[in-house]
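Have a look at the structure below before the remarks.
The values are calculated or read from the model by the stated rules, or taken from the named source; none is laboratory data. This is a predicted model, so every value here is computed, not measured. Heads up, the Cβs are rebuilt from the backbone with ideal geometry, glycines too, and the neighbour counts pull from every protein chain shown. We work out accessible area using only protein heavy atoms, side chains counted, and drop any ligands, DNA or RNA first. Shrake-Rupley method; radii C 1.70, N 1.55, O 1.52, S 1.80 Å.
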Amino acid sequence: MHYTKNRISEYQSGVELLFKNSMDQELVKSIVDKYGYDEAQLSLMYNLNKELRELLGRLEVAKHQKVLVYDQKNQLFAQLKKDYMRYLKLTRIALADDAGASAALLLEGARARTNNALELQIRAFVSNLLNSKVWLEALGVYNVSVADVKKLQSDLEQLVQRNRVCLEAQGEVRSLTVYKKKLLVKLQAYVSDYVKVVRIAFEEKPKLLVSLGINVKTG
């Protein structure tokens with residue numbers, strides 16, 4: 001019985017059966033007690049496995065939350081990029097003859113390929129555009145208002161918040177995953193020794209081994 005050879009949920013269920021039945025069956029409990037596994041020791045291992053089960057539940061919730069917040073961030077960025085590209089194209093038309101605007105607003109050339117670099121381009125565009133009444137008035141001809149540009153600015157700040165939430169969610173999943181591994185290793189050390197002992201203790205009582213979820217070796 002080893003966690004690397006089974007699905008984690010199956011392993012946890014198998015360990016629960018092993019220690020619960022060891023405590024519930026008086027004959028088993030009395031025999032293993034002679035090998036150093038009293039009720040307190042059995043309870044310790046059972047509760048450790050219970051902690052694992054609860055941890056697995058928390059980890060699944062954390063993973064689900066991570067997916068959710070990343071989806072929200074990606075949706076926001078996709079809409080932000082869509083709006084920005086539309087305003088960028090209109091700005092290129094409105095300020096086609098303004099070299100200063102072209103440089104300040106990063107109008108020329110291809111857009112950055114990575115999200116982080118593109119976000120910097122959007123920030124420069126929004127910040128410099130809001131600082132120029134002339135450029136904003138030129139864009140107004142194409143029905144792009146100050147409020148539209150400020151909406152981009154607001155979405156950028158919201159993106160910062162969602163990035164932070166995503167990092168927190170990622171950190172929570174990583175932390176729980178590390179703790180799960182430590183808990184599994186600790187529990188496995190108990191399980192491995194206990195299974196070896198009960199195989200010796202019940203060598204002539206295979207039905208008791210089966211009742212604990214332990215395969216009986218034949219041949």
query: Given the structure, is GLU60 closer than 30 Å to GLU172 by Cβ, assigned to a helix (DSSP H, G or I) and open to solvent by 90 Å² or more (accessible area, probe 1.4 Å)?
result: yes
- prompt: Can you spot a residue in region 60-68 that is closer than 17 Å to ASN21 by Cα, touching an Asp or Glu at 6+ places or on another chain (Cβ under 7 Å) and in contact (Cβ under 8 Å) with a residue 12 or more places away in the chain?
  reply: no
field: Where GLY36 falls short, out of the listed (1) modelled with pLDDT under 95; (2) under 32 Å from the mean Cα position of the chain (by Cα)
entry: (2)
message: With the requirement that a residue be of a type in the set (Gly, Ala, Ser) and over 12 Å from LEU212 (Cβ atoms), what does region 13-43 give you?
response: SER13, SER30, GLY36, ALA40, SER43
- prompt: Just one of VAL146, VAL141, VAL69, VAL126 is within 30 Å of SER9 (Cβ to Cβ) and among the β-branched types (Val, Ile, Thr); which is it?
  reply: VAL69
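Table: residues versus (1) of a type outside the set (S, T, N, Q); (2) surrounded by 16 or more Cβ atoms within 10 Å (Cβ to Cβ); (3) assigned to a loop (DSSP other than H, G, I, E, B).
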{"site": "SER9", "(1), (2), (3)": "no, no, no"}
{"site": "GLN12", "(1), (2), (3)": "no, yes, no"}
{"site": "LEU44", "(1), (2), (3)": "yes, no, no"}
{"site": "LEU68", "(1), (2), (3)": "yes, no, no"}
{"site": "GLN79", "(1), (2), (3)": "no, no, no"}
{"site": "LEU88", "(1), (2), (3)": "yes, yes, no"}
{"site": "GLU108", "(1), (2), (3)": "yes, no, yes"}
{"site": "ALA117", "(1), (2), (3)": "yes, no, no"}
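Do you know which of the residues in region 181-219 that are assigned to a loop (DSSP other than H, G, I, E, B) and among the small types (Gly, Ala, Ser) is most open to solvent (accessible area, probe 1.4 Å)? Talk me through it step by step, then tell me what you get.
As a first pass, look at region 181-219 and keep what is assigned to a loop (DSSP other than H, G, I, E, B): 202-205, 212-219.
Restricting the remaining residues to those that are among the small types (Gly, Ala, Ser) gives 213, 219.
Numbers: GLY213: 36, GLY219: 128 Å².
Restricting to residues being assigned to a loop (DSSP other than H, G, I, E, B) and among the small types (Gly, Ala, Ser), the top hit is GLY219.
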